[in-house]
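A.B. asks: Provided herewith is a single structure, encoded as structure tokens, for subsequent inquiry.
No value in this document is a laboratory result; all are computed from the given coordinates. This structure is a prediction, so every number in the text was calculated from the model and none was measured. Using ideal geometry, Cβ is built from the backbone for each residue, glycine included, and neighbour counts are taken over all protein chains shown.
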Amino acid sequence: MKRITKKLSFSKKEILKKFSHVFRGFFRRKIKLPSNVLLSASHGSARIPMRLIHHLSVYYQTSPRLWLNYSDYGTKFLLEDVAPEQKVIPKYGRIVGDPNRDADAKDLIRFTDFGGNRIFSERFERRMTKSIIRFFWRRKLLNYSYNPFYKQIYKKLDATVKRQGETQSPIVFIDVHDVGNRILGRWKNEDSQRKEKFPKVVISNAEDLQTGEEKYGTAPHYFLEFFADTLAQELNLEKDEIKLNHVYKGGNIIRHFGNPHHNSRLRRILRGREIFAIQLEFNRSFYLNEVNQIRYRSKLKLVKNALMNTLNQVCDFEKDFLTNDTTLDDKQ
């Protein structure tokens, strides 16, 4: 039997378009951050495992814009120039398990999105909720991305502590998100607007979480204030345009990795060091066209530079934190 092959031909323009992003990524200069910083974008992927495609509803099979809206995919571009050892982004989107939810949370795996669209087929939803082997399927979904993501954070936190050596400056762990004012449907005419516009920026430290004896929050309040002040200056915002623990107080990522008091594995990794964990939420209209989810490159660069400059100013404890004569203990 003769093998039938199809000859493919590409124009020079098409070849350059296909591989330009590869070359840009290869030659792009990595941003240098203080060595005690680790960033994550827990909703930064919009990808879906190929094996799961046929289990999706017809809405999600035919409308990729729903995939994007059900993620914070723009945040991965905010972190794209950060060195690999200082960032963690899950392989797949929250369809296979929301990384910012506890493993026992009811909405860990959702069956409808924020606009009420069915995510999975009815048959697969029954398999996940009523079948006698539903726990097998649940574990399978979580092993795609959720569990590996948590393992990667532990691994990179351990490497961060070792990289720091003998210094006792806190580890700074920041989970970056974005939120839109527009909730996308399958098509533009099915879109809806949030009842209240999301603030420009929200910074959270899970202030309701007890993290020690008479201690609440996954980061000191003075750290949030200093972070907010610096970021406001970098983004040319008024201070009141950045909210602290308003709208969101922080999800499972910072509650899990910012609370060594109730996490023995984290406590062993930190070896007595403190960790400041915060959740950072940008209004995605800063750098995305919310209708088509296309990036505004100039605005994206502005937000990215503002974030990186803020991290360099706020998180380098070796250069003294607020004043030259004030210790961390005094500030707390």
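A.B. asks: For the chain, modelled as a Gaussian network with Cα springs under 10 Å, which listed residue fluctuates most, D158, D178, D98?
C.D. replies: D158
A.B. asks: May I ask you to derive the relative contact order of the chain, considering only C-alpha pairs under 8 Å and at least 6 residues apart, and to give it as an integer percent? Intermediate results must be reported in sequence, preceding the final value.
C.D. replies: Numbers: 532 pairs, mean separation 68.6, N = 332.
Worked out over the chain, it gives 21 percent.
A.B. asks: With +1 on the Cβ of every Lys and Arg and -1 on the Cβ of every Asp and Glu, and nothing else charged, how large is the dipole of the range 34-318 about its Cα centre, in debye rounded to the nearest 20? Kindly include the intermediate steps, with their values, before the conclusion.
C.D. replies: On the way: 47 positive and 33 negative charges, 352 e Å.
I would put it at about 1700 debye.
A.B. asks: Please list, in order along the range 173-179, the HN-Hα scalar couplings obtained from phi with the Karplus expression 6.51 cos²θ - 1.76 cosθ + 1.60 (θ = phi - 60°), rounded to whole Hz, x for Gly and Pro.
C.D. replies: 10, 10, 9, 9, 10, 9, 9
A.B. asks: Which three extents, in angstrom, do the Cα atoms of the range 101-183 have along their principal axes, listed largest first?
C.D. replies: Here the Cα extents, ordered largest to smallest, are 55, 37, 17 Å.
A.B. asks: Still on this model: Output the peptides 290-302, 69-81 sorted from most to least packed, where packing is the average of other Cβ atoms within 10 Å over each peptide's residues. Walk me through the numbers on the way to the answer.
C.D. replies: On the way: 290-302: 13.5, 69-81: 22.2.
Highest-to-lowest ranking by the protection proxy: 69-81, 290-302.
A.B. asks: Please report Rg over Rh for the range 204-243, where both radii come from the alpha carbon positions and Rh follows the Kirkwood definition.
C.D. replies: Numbers: Rg = 12.1 Å, Rh = 11.0 Å.
Using only Cα positions, Rg/Rh for the range 204-243 is 1.10.
A.B. asks: Next up: As a test of the definition: which semi-axes, in Å, follow for the range 138-274 when you take the square root of five times each eigenvalue of its alpha carbon gyration tensor? Largest first, please.
C.D. replies: Details: eigenvalues 181, 102, 39 Å².
Result for the range 138-274: semi-axes of 30, 23, 14 Å.
A.B. asks: Okay, next question. What residues have an amide H closer than 5 Å to that of L56, excluding those fewer than 5 places away on the same chain, when H is modeled at 1.01 Å from N in the peptide plane?
C.D. replies: S121
A.B. asks: Among the trypsin sites (Lys or Arg not before Pro) within the range 157-220, which fall in a DSSP loop and have no more than 15 other Cβ atoms within 10 Å of their own Cβ?
C.D. replies: Working: sites: K162, R163, R182, R186, K188, R194, K195, K197, K200, K215; in loops: R186, R194, K195, K197, K200.
Counting only loop positions with at most 15 other Cβ atoms within 10 Å, the trypsin sites (Lys or Arg not before Pro) in the range 157-220 are R194, K195, K197.
A.B. asks: Can you work out the base-10 log of I(q)/I(0) for the chain at q = 0.07, 0.12 1/Å, using the Debye formula on its C-alpha atoms alone?
C.D. replies: Debye intensities relative to I(0), on a log10 scale: -0.32, -0.91.
A.B. asks: How much of the DSSP bridge set in the chain is antiparallel, in percent, rounded to the nearest 5? Don't skip to the answer; put the middle values down first.
C.D. replies: On the way: 11 of 30 bridges.
Close to 35 percent.
A.B. asks: Rounded to the nearest 20 Debye, what is the dipole magnitude of the range 47-166 about its Cα centre when Lys and Arg each give +1 and Asp and Glu each give -1 at the C-beta?
C.D. replies: Values: 24 positive and 13 negative charges, 125 e Å.
For the range 47-166, the charge dipole is close to 600 debye.
A.B. asks: State to the nearest 20 debye the size of the charge dipole of the range 238-280 about its Cα centre, where the only charges are +1 on K and R beta carbons and -1 on D and E beta carbons. Walk me through the numbers before you get to the answer.
C.D. replies: Values: 9 positive and 4 negative charges, 94 e Å.
Once rounded to the nearest 20, the dipole reads 460 debye.
A.B. asks: Could you compute the FRET efficiency for K188 and W137, with r as their C-beta to C-beta distance and R0 at 51 Å, rounded to 0.05?
C.D. replies: Working: r = 34 Å, r/R0 = 0.66.
Once the sixth-power term is evaluated, E becomes 0.90.
A.B. asks: Please list, ordered by chain and number, the residues whose modelled amide H lies under 5 Å from the amide H of T211; skip anything fewer than 5 residues away on the same chain.
C.D. replies: Y216, G217
A.B. asks: A further question on this structure: Choose one of H262, Y59, L231: the residue whose Cα lies farthest towards the positive end of the charge dipole of the chain (beta-carbon charges +1 Lys, Arg; -1 Asp, Glu; about the Cα centre).
C.D. replies: Y59
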